[in-house]
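A short write-up of the structure that comes next.
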Amino acid sequence: MKKLLLLLMLSIPMSFHVFAGEDSFFTTEVSLGTGISIYDSSADELRKKLLTGKDYKRIVTGLTLDTNLNISDPLKVMLGTELFSDFLWDKTNYYNTLDYSFFTGIKIFPNKTGLNFSILYILGNRSDFFTELVETPTDELNEDGTAKTKTVRTKKSDTKSWGNGFRLSIQYNFMEARPYKVKPHVGAYYRCVPRGNYNTDHILCLYGGIRF
């Protein structure tokens with residue numbers, strides 16, 4: 001049932017874009033961004049260790065696709081999906097995360113200008129891909145007859161629990177009153193999604209994009 005709901009939420013923005021016209025009830029937006037992901041899970045020790053190192057590399061990117069239902073000039077209803085990725089590595093280890101979510105909520109234009117605010121409900125999950133040092137037994141024996149061990153670097157993955165949270169954003173739409181089919185926008189948002197066991201994911205993002 002949950003997979004069917006997620007598929008439906010994902011297909012809605014796509015179908016709106018296909019049938020939207022120049023002065024349509026629907027407006028599709030595509031955004032690319034970057035920012036900071038903060039995960040307070042105590043299990044992500046490798047990630048914390050990499051972030052405290054001196055030679056680590058990091059790439060953080062976000063992709064958002066959403067559709068606005070233009071029910072009035074100051075108020076829109078939003079539906080969409082988002083992927084936020086955080087790639088972290090050094091010479092020997094890596095810790096990569098893919099945070100995927102679906103959302104719905106409202107967007108408000110206080111003065112009917114390009115400035116707007118949105119409040120969204122989030123349903124999302126996160127998958128981690130990382131390396132880990134594991135002690136494995138060998139064919140050699142210690143003096144007491146127990147097997148000797150060696151440290152092996154292995155690749156692992158971990159999918160977190162689905163969580164329900166919220167997203168708050170501020171955005172500015174350029175050329176709001178112009179009759180162009182493609183218009184740019186910029187914005188920023190804060191996203192908070194609890195994962196259970198008193199762990200919560202936080203994301204701060206700056207983004208830019210276009211709307212049709």
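The values are calculated or read from the model by the stated rules, or taken from the named source; none is laboratory data. Only a predicted model underlies this, so the values are computations on that prediction, with no experimental measurement involved. A quick note on method: Cβ atoms are made from the backbone with ideal geometry, for glycine too, and the neighbour counts reach across all protein chains shown. Just so you know, the surface numbers come from the protein's heavy atoms only, side chains and all, with ligands and any DNA or RNA stripped out. Shrake-Rupley method; radii C 1.70, N 1.55, O 1.52, S 1.80 Å.
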Looking at this structure, is Ser101 modelled with pLDDT of 85 or more, hydroxyl-bearing (Ser, Thr, Tyr) and closer than 23 Å to Glu132 by Cβ?
-> no
Residue match in region 70-77 (condition: modelled with pLDDT under 95, open to solvent by 10 Å² or more (accessible area, probe 1.4 Å), β-branched (Val, Ile, Thr) and more than 16 Å from Arg126 (Cα to Cα)) = yes
If we ask which residues in region 88-114 are in a strand (DSSP E or B) and under 18 Å from Thr27 (Cβ atoms), their number turns out to be 6
Quick one: which residue in Ser169, Ser161 is modelled with pLDDT under 90 and among the hydroxyl-bearing types (Ser, Thr, Tyr)?
-> Ser161
When you look at Gly124, is it more than 30 Å from Ala177 (Cβ to Cβ) and loosely packed, with under 13 Cβ neighbours inside 10 Å, yes or no?
-> no
Identity of the residue in region 198-212, within 12 Å of Glu29 (Cα to Cα) and more than 17 Å from the chain's Cα centre (by Cα), that ends up most open to solvent (accessible area, probe 1.4 Å) | Phe212
Go through region 24-58 and give me each residue that's touching a strand residue (DSSP E or B) at 6+ places or on another chain (Cβ under 6 Å), farther than 24 Å from Asn199 by Cβ and either of a type in the set (S, T, N, Q) or at pLDDT below 95 (or both).
-> Phe26, Thr27, Thr28, Ser31, Lys57
Which condition does Arg195 not pass, out of (1) modelled with pLDDT under 75; (2) crowded, with 16+ Cβ neighbours inside 10 Å, if it passes all the others?
-> (1)
